[in-house]
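This report concerns only the one structure given below.
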Amino acid sequence: MRLLLVEDENDIQGFLKQALTEAGYQVDVAPDGKSAEALAPAHSYDILIVDLGLPDQDGISLILRLRQMGVQAPVLILSARRSVDDRVRGLEQGGDDYLTKPFAMAELLARLRNLLRRNAPVSTEATRLRVMDLELDLLRREATRSGQALQLTPQEFVLLEYLCRNAGRVVTRSMILEKVWGMRIQPDTNVVDVHIYRLRGKVDGHGQPPLIRTLRGVGYVVKDR
Ligand code: CA
């Protein structure tokens with residue numbers, strides 16, 4: 001697995017590089033945004049770790065720029081910033097997961113594994129999407145859980161499809177509004193909450209372990225394990 005570590009602090013850089021190498025990653029280090037912009041598009045990294053506080057630019061702008069350059073590898077954001085706003089912003093701007101400093105190496109490794117597994121194709125065929133015992137037939141627009149058909153409205157199907165395509169990763173309300181309803185500005189509406197509530201009643205309402213989780217103040221995630 002090839003990994004790009006974007007981190008400017010020498011201590012953390014050295015420590016992470018050693019620990020990640022021991023864990024079997026082939027690690028390249030970029031000490032600032034400029035070097036990351038040169039390295040990332042030129043090599044096919046499987047995953048990126050990006051510190052938000054870089055000397056020459058903000059980590060979030062860097063992620064945005066890398067996405068524009070076509071870099072699709074999952075990004076784990078590393079940051080000393082703890083606020084919900086920062087996490088939401090980081091996730092919305094193309095980060096896939098967020099870890100605050102200080103962190104335990106075991107947790108960092110677990111999150112990397114999780115991101116890499118999640119990034120592997122979810123579907124067995126292009127027309128089907130499967131998360132645990134939930135299955136979506138994208139052509140027939142039908143969903144089943146444990147083989148039982150779910151009676152979903154077309155809008156609920158689109159919402160569930162979006163959540164399942166992002167299984168294991170957090171999606172925020174504004175991401176859902178934009179992708180499912182095509183609204184770019186977050187209006188004063190609880191449309192997302194209402195639909196999630198109804199969807200949950202249909203998907204999770206039959207005694208199976210709940211799949212749709214709410215992360216208070218952040219958004220929603222469909223559990224993939
Ligand atoms: Ca830093």
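Taking θ as phi - 60° and the Karplus parameters 6.51, -1.76 and 1.60, the scalar couplings of segment 30-46 work out to 10, x, 7, x, 4, 5, 5, 5, 7, 6, 4, x, 8, 10, 8, 6, 7 Hz in sequence order, x denoting glycine and proline. For segment 124-222, the relative contact order is 24 percent, taking Cα pairs closer than 8 Å that sit 6 or more residues apart in sequence and dividing their mean separation by the residue count.
State the antiparallel share, in %, of DSSP beta bridges confined to segment 71-142, rounding to the nearest 5.
Values: 5 of 9 bridges.
Beta bridges within segment 71-142, antiparallel portion: roughly 55 percent.
Per DSSP H run of at least 4 residues, take -39500 (n - 2.57); add these up for the chain, divide by its residues and hand me the 222 nm value, nearest 500 deg cm²/dmol.
Working: 8 runs with 88 residues, N = 225.
The helix-only estimate for the chain comes to -12000 deg cm²/dmol at 222 nm.
With all pairs of different alpha carbon atoms counted, what Kirkwood hydrodynamic radius in Å does segment 124-222 show? Over segment 124-222, the inverse of the mean reciprocal pair distance is 13.7 Å. Net charge dipole, the chain: roughly 820 debye, given to the nearest 20, about the Cα centre with Cβ charges of +1 for Lys and Arg and -1 for Asp and Glu. Taking amide H as placed 1.01 Å from N in the peptide plane, the amide H of Leu211 sits under 5 Å from none that are at least 5 places away or on another chain.
As an exercise, use a Förster radius of 35 Å and the Cβ-Cβ distance of Arg140 and Arg117 to find the FRET efficiency, rounded to the nearest 0.05. The partial results should precede the final answer.
Working: r = 28 Å, r/R0 = 0.79.
For Arg140 and Arg117, the calculated efficiency is 0.80.
Comparing Gly33, Gly94, Gly182 in a Gaussian network model of the chain (Cα springs below 10 Å), the most mobile by mean-square fluctuation is Gly182.
Which of rounded, prolate or oblate describes segment 71-186 when judged by the alpha-carbon gyration tensor and an a/c cut-off of 1.5? It comes out oblate by the Cα gyration axes. Distance distribution P(r), the chain, all Cα-Cα pairs, bin width 5 angstrom from 0: 1, 6, 14, 17, 17, 14, 12, 9, 6, 3, 0 percent.
Identify the trypsin sites (Lys or Arg not before Pro) of segment 1-110 meeting these criteria: DSSP loop state and at most 14 other C-beta atoms within 10 Å of the C-beta. Please list the in-between numbers first.
On the way: sites: Arg2, Lys17, Lys34, Arg65, Arg67, Arg81, Arg82, Arg87, Arg89; in loops: Arg81, Arg82.
Those satisfying the criteria are Arg82.
Rounded if a/c is under 1.5, else prolate if a/b is larger than b/c, else oblate: which is segment 2-118, with a ≥ b ≥ c the root eigenvalues of its Cα gyration tensor? In terms of gyration-tensor shape, rounded.
Given a cut-off of under 8 Å on Cα pairs at least six residues apart, what relative contact order in percent is computed for the chain?
Values: 339 pairs, mean separation 29.5, N = 225.
It rounds to 13 percent for the chain.
For segment 95-101, putting each phi into the Karplus relation 6.51 cos²θ - 1.76 cosθ + 1.60 with θ = phi - 60° gives couplings of x, 10, 7, 9, 10, 9, 7 Hz, in residue order, rounded to whole numbers and with x for Gly and Pro.
Taking 26 Å as the straight-line reach from the Cα of Lys179, the lysines in range (excluding those fewer than 8 positions away in the same chain) are Lys202, Lys223.
In this structure, the amide hydrogen of Met183, modeled 1.01 Å from its nitrogen in the peptide plane, lies closer than 5 angstrom to those of Glu178, counting only residues at least 5 positions away or on a different chain. Between the amide H of Arg128 and those of Leu138, distances stay under 5 Å, these residues lying 5 or more places away or on another chain, with hydrogens modeled in the peptide plane.
With both residues required to sit in the chain, DSSP beta bridges show an antiparallel share near 50%.
Ignoring lysines fewer than eight residues from Lys17 along the same chain, the ones with Cα atoms less than 24 angstrom from its Cα are Lys34, Lys101.
Read the figures in this text as sums done on the coordinates, not as results from a lab. In this text the structure is predicted, and so the values were computed from the model without any measurement. Note: ideal-geometry Cβ built from the backbone for every residue, glycine included; neighbour counts use all protein chains shown.
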